[in-house]
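Comments concern the structure below.
Nothing in this text is a laboratory measurement; each read-out follows from the coordinates by a stated rule. Just so it is clear, the model here is predicted, and its values are computed rather than measured. Using ideal geometry, Cβ is built from the backbone for each residue, glycine included, and neighbour counts are taken over all protein chains shown.
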Amino acid sequence: HHRLGVRSRTLQALAMLAVVPGSSAVTPAGAGPGGPVVPGVSSLGHAATVKDGVLQPPADLQGIIDKTAQFVARNGPEFESRILKNEQSNPKFGFLNSSDPFHPYYRNKISELRGDAPAAETAAAAPGA
């Protein structure tokens, strides 16, 4: 029973991370239609960077994604399910959905934290290529 209390506090800490002061306005001033076509990225107002074929999130979102990945790597997929359920209306946790442009970054981060080699690195390191 004690373990559930720790998980609840962890969920609260993650939710607090998503409410970083000054970050509530996600759309930059002057942003409008006609921006980049990548879904979910044009409204974030940052230059999209791609590393190893994976779209990298902006710094504020990267902190949330990295911290969430740490908790999920440690606590398992049930923990991710609870975050999805509790934060389903919070756009800061959109990366949990497989259709989100930052979902591959999130998945790679979990693999990295668990010690698994990301798929891109495994293919590049294959002998006799």
Give me the net charge for the shell around Asp100: Cβ to Cβ below 12 angstrom, other residues only, Lys and Arg +1, Asp and Glu -1. +2
Short version: ³J(HN,Hα) in whole Hz for each residue of the stretch 106-112, in order, from phi by Karplus 6.51 cos²θ - 1.76 cosθ + 1.60 (θ = phi - 60°), x for Gly and Pro, what are they? 4, 4, 4, 5, 4, 4, 4
Let me know the Rg and Dmax you get for the stretch 43-115 when you use only its Cα atoms, in Å. 11.8, 33
Non-local amide H neighbours of Val54 (under 5 Å, H modeled in plane, Pro and chain starts lacking H): which ones? none
